[in-house]
């Protein structure tokens, strides 16, 4: 019987294989995230909002609830948090509503989870302010 771990061998083999792919060392998950599209507000309302269910939640409320849930999970999925903030803003959520949604979760998820989600959201909110200033300057 050997003490060799087959998972370690498999991981090492995968790492060696990844090195052979062109530009794999330059791959950035955040760069990939920037290629993801933003769903227009009207489409969000149709699919996730109250267009088909007039007495239901609107897309903005659903996205703020999604953001609260992601915060409750410890904001472990960076991309999901940032994309949810982007889509919530597109659906009409204001910066203060996003901050309050995340802040409220500190009571239930704890300060570290809230701070992690707030840091991720701040990246998007800061980008939005920068883009808004650039658009206003032109």
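Where a number appears in this text, it was derived from the coordinates with a stated rule and is not lab data. As the structure is a computational prediction, the values presented were derived from the model and not from experiment. Note that we place each Cβ from the backbone using ideal geometry, even for glycine, and neighbour counts take in every protein chain shown.
Some notes on this structure:
- Sequence of 98, 111 once ranked by neighbouring C-beta atoms within 10 Å, starting from the fewest: 111, 98
- A crude spin-label estimate for the pair residue 51 and residue 77, with each label 7 Å from Cα along the Cβ direction, gives 2.3 nm.
- Going from the fewest other Cβ atoms within 10 Å to the most, the residues 85, 124, 107 appear in the order 107, 124, 85.
- Distance between the C-alpha centres of the range 96-120 and the range 49-86: 14 Å, rounded to the whole angstrom.
- When peptides 13-20, 67-74 are sorted by average Cβ neighbour count within 10 Å, with the highest value leading, the order is 67-74, 13-20.
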